Amino acid sequence: MTEIFSKINQAQTTAELEEIRVLVMGKKGSLTARFATLKSCKESEKKALAKELNSIKIEFEKALADKKEQLTLKELEAKLNAEKIDVSLFSPSSQKGANHPVMLMLDRIVEYFVGMNFSLNVGPLVEDDFHNFEALNLPKYHPARNMQDTFYFKDGKLLRTHTSPVQVRTMESQKPPIRMICPGSVFRCDYDLTHTPMFHQVEGLVVEEGRDSVSFANLKFVLEDFLKYMFGDVKVRFRSSFFPFTEPSAEVDMSCIFCKGSGCRVCSHTGWLEVLGCGVVDNNVFKAVGYENVSGYAFGLGVERFAMLMFGVPDLRAFFESDLRILEQFK
Ligand code: DAH
């Protein structure tokens with residue numbers, strides 16, 4: 001038996017161990033044969049012999065199991081080493097991904113404003129009533145709070161419906177001068193050709209000390225220059241409008257990039273495309289954040305709207321259906 005144990009010790013593979021097991025414990029194994037002699041052995045010696053054989057068996061099985069554990073680990077390690085994959089290896093068939101069209105658009109928008117010395121800001125997606133509505137001069141009864149538009153949580157929190165709350169958060173944490181944009185996703189309970197429950201906006205805010213430091217003229221210059229940067233030689237007009245957080249407010253139209261202003265289906269035969277909301281920051285917003293003797297302007301735009309126009313995509317939902325045939329066209 002000592003010979004067998006030294007064999008177990010010297011085994012190099014689990015397969016060798018199995019051979020040893022068969023040799024000893026298999027049908028024709030040496031130990032199996034010795035167990036067989038129990039039948040014909042004298043009654044007086046049987047008990048002692050059985051005891052001896054069983055203890056050999058237990059010892060043998062333990063030695064085998066210990067060695068097996070050792071070798072299995074070794075073999076696993078060797079296997080892992082042998083199957084190592086070099087991820088840096090060149091593969092001619094590898095498929096390249098591409099940026100999503102909405103992100104392409106966003107990058108370009110950000111590029112313009114960063115070039116104009118705006119800083120980038122972010123804010124939380126789960127907002128409270130104060131930042132999303134109240135501080136933006138949207139009082140309790142305002143229709144924009146309608147349950148049909150806003151996703152509310154049980155505790156009264158909500159998914160931000162626009163990026164404007166980041167204006168409030170920025171002013172709460174910083175002193176003027178402020179010159180920032182905030183890109184990010186926003187949420188509204190809406191779904192059709194031109195609306196999805198999640199979409200992206202870019203908010204802009206400029207604030208300076210002094211009541212007359214920042215004017216509508218500054219706003220007009222930046223937005224006109226921005227739209228020309230994005231779409232080339234377009235005409236831009238400011239249409240008087242209303243937003244609770246700006247006074248005066250305007251909607252910005254640019255001449256239709258498809259028909260050059262002569263009228264087509266995309267611009268509903270008006271020659272103009274509405275692309276932005278903006279205005280001079282309402283004093284009530286400054287009051288809500290404790291600012292005094294300042295002036296500023298703000299604007300907000302929908303990134304998907306820009307992407308639809310830029311890439312000629314008629315159905316907004318195409319951006320979110322993950323259809324590779326569509327997305328691959330933007331590589
Ligand atoms: N928050 C507005 C919206 O979601 C967009 C907007 C309009 C933002 C005018 C502004 C602004 O900062 O001045 O529709």
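The values are calculated or read from the model by the stated rules, or taken from the named source; none is laboratory data. The shown structure was predicted, so the numbers you read here are calculated from the model rather than taken from an experiment. Cβ atoms come from the backbone with ideal geometry, glycine included; neighbour counts cover every protein chain shown. Quick note on the areas: whole protein, heavy atoms, side chains included, nothing else; ligands and nucleic acids left out. Shrake-Rupley method; radii C 1.70, N 1.55, O 1.52, S 1.80 Å.
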Could you say whether any residue in region 257-275 is in contact (Cβ under 8 Å) with a residue 40 or more places away in the chain, assigned to a strand (DSSP E or B), within 25 Å of Leu309 (Cβ to Cβ) and under 30 Å from the mean Cα position of the chain (by Cα)?
-> yes
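Does Val285 qualify as being of a type in the set (Val, Ile, Thr), within 14 Å of the ligand (Cβ to nearest atom) and part of a strand (DSSP E or B)? Working first, answer last.
Working: of a type in the set (Val, Ile, Thr): yes; within 14 Å of the ligand (Cβ to nearest atom): yes; part of a strand (DSSP E or B): no.
For Val285, the condition - of a type in the set (Val, Ile, Thr), within 14 Å of the ligand (Cβ to nearest atom) and part of a strand (DSSP E or B) - is not met.
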Test set (1) outside any helix (DSSP H, G or I); (2) open to solvent by 80 Å² or more (accessible area, probe 1.4 Å); (3) not hydroxyl-bearing (Ser, Thr, Tyr) - Pro139 fails condition number = (2)
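Just checking, how many residues over region 181-217 are within 27 Å of the chain's Cα centre (by Cα), surrounded by 19 or more Cβ atoms within 10 Å (Cβ to Cβ) and of a type outside the set (Lys, Arg)?
Our first condition is that a residue be within 27 Å of the chain's Cα centre (by Cα); within region 181-217, this holds for 181-205.
Those left that are additionally surrounded by 19 or more Cβ atoms within 10 Å (Cβ to Cβ): 181-184, 186-188, 199-205.
Right, trim to of a type outside the set (Lys, Arg) and you get 181-184, 186-187, 199-205.
Going through region 181-217 one residue at a time, the tally reaches 13.
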Filter region 227-278 down to residues that are crowded, with 16+ Cβ neighbours inside 10 Å and among the aromatic types (Phe, Trp, Tyr) and give me whichever is farthest from the ligand (Cβ to nearest atom).
-> Phe231
Residue in region 303-311 that is more than 26 Å from the chain's Cα centre (by Cα), surrounded by 14 or more Cβ atoms within 10 Å (Cβ to Cβ) and hydrophobic (A, V, I, L, M, F, W, C) present = no
If Cys182 passes every condition in (1) assigned to a strand (DSSP E or B); (2) out of contact with any Asp or Glu (no Cβ under 7 Å at 6 or more places or on another chain) but one, which one does it miss?
-> (2)
When both residues are 6+ apart or on different chains and their Cβ atoms are under 7 Å apart, which pairs have a first residue that lies in region 277-300 and is charged (D, E, K, R), and a second that is part of a strand (DSSP E or B)?
-> Asp282/Thr246; Asp282/Glu247
Would you point out the residue of region 133-167, among those that are in contact with a Phe, Trp or Tyr (Cβ under 9 Å, 6 or more places away or on another chain) and charged (D, E, K, R), that is nearest to the ligand (Cβ to nearest atom)?
-> Arg160
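Within region 1-111, considering only helices (runs of 4 or more DSSP H) that don't extend past its boundaries, which have at least 2 residues that are acidic (Asp, Glu) and either open to solvent by 100 Å² or more (accessible area, probe 1.4 Å) or not assigned by TED's automatic domain parsing to the domain that holds Gln201 (or both)? Before the answer, list the steps.
On the way: elements: 2-10, 14-25, 30-40, 43-82.
Correct list: 14-25, 43-82.
May I ask you to say which residue of Ala298, Ala217, Ala318 is small (Gly, Ala, Ser), under 21 Å from Tyr112 (Cβ atoms) and more than 12 Å from the ligand (Cβ to nearest atom)?
Details: Ala298 fails: more than 12 Å from the ligand (Cβ to nearest atom); Ala318 fails: under 21 Å from Tyr112 (Cβ atoms).
Matching residue, one of Ala298, Ala217, Ala318: Ala217.
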